[in-house]
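For reference, the structure discussed in these notes is given below.
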Amino acid sequence: VQLQASGGGLVQAGGSLRLSCAASGRTFSTYTMGWFRQAPGKEREFVSAIDFSGSTYYADSVKGRFTISRDNAQNTVYLQMNSLKPEDTAVHYCGAKTYGRVKYDYWGRGTLVTVSS
């Protein structure tokens, strides 16, 4: 599985961005797809995930502001980010894993999100 994230950019605090992650392969619908981010000087952290059934999961820091969704026909997962804060500034990565696994098997290159105050 190859993953390609896009949609990052520079936005003012309070603004919105939508990230996309396009995946190759014919088994996209069976994967749990996740978004992670890594801010400068910090470790990569979990942001959100969506499994094959459509169940969603969010980090407490983004609940109520971010929405993850997937389009299996387009092999794409999205992260709608609203009410962005400067602390959301980070390189955002998408990942894919087989259902039931703890670790993510595949990673895409990140896309940078910068939120100015």
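The values are calculated or read from the model by the stated rules, or taken from the named source; none is laboratory data. Everything numeric in this text was worked out from a predicted model, so none of it was measured. Cβ atoms come from the backbone with ideal geometry, glycine included; neighbour counts cover every protein chain shown. Just the protein is used for accessible areas: all its heavy atoms, side chains included, with ligands, DNA and RNA removed. Shrake-Rupley method; radii C 1.70, N 1.55, O 1.52, S 1.80 Å.
Here are the numbers:
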{"quantity": "Any hit, the range 42-49, residues being open to solvent by 30 Å² or more (accessible area, probe 1.4 Å), in contact with a Phe, Trp or Tyr (Cβ under 7 Å, 6 or more places away or on another chain) and not basic (Lys, Arg)", "calculated": "yes"}
{"quantity": "Listing of strands (runs of 3 or more DSSP E) fully contained in the range 1-95 that carry 1 or more residues being closer than 18 Å to GLY110 by Cα and touching a strand residue (DSSP E or B) at 6+ places or on another chain (Cβ under 9 Å)", "calculated": "3-6, 9-12, 17-23, 31-38, 45-50, 66-71, 76-81"}
{"quantity": "Residue in the range 56-67 that is touching a Cys at 6+ places or on another chain (Cβ under 9 Å) and not charged (D, E, K, R) present", "calculated": "no"}
{"quantity": "Tally of residues being hydrophobic (A, V, I, L, M, F, W, C) and open to solvent by 40 Å² or more (accessible area, probe 1.4 Å) across the range 50-74", "calculated": "2"}
{"quantity": "Single residue of the range 75-117 satisfying the filter (hydroxyl-bearing (Ser, Thr, Tyr) and open to solvent by less than 30 Å² (accessible area, probe 1.4 Å)) that is farthest from ALA22 (Cα to Cα)", "calculated": "THR111"}
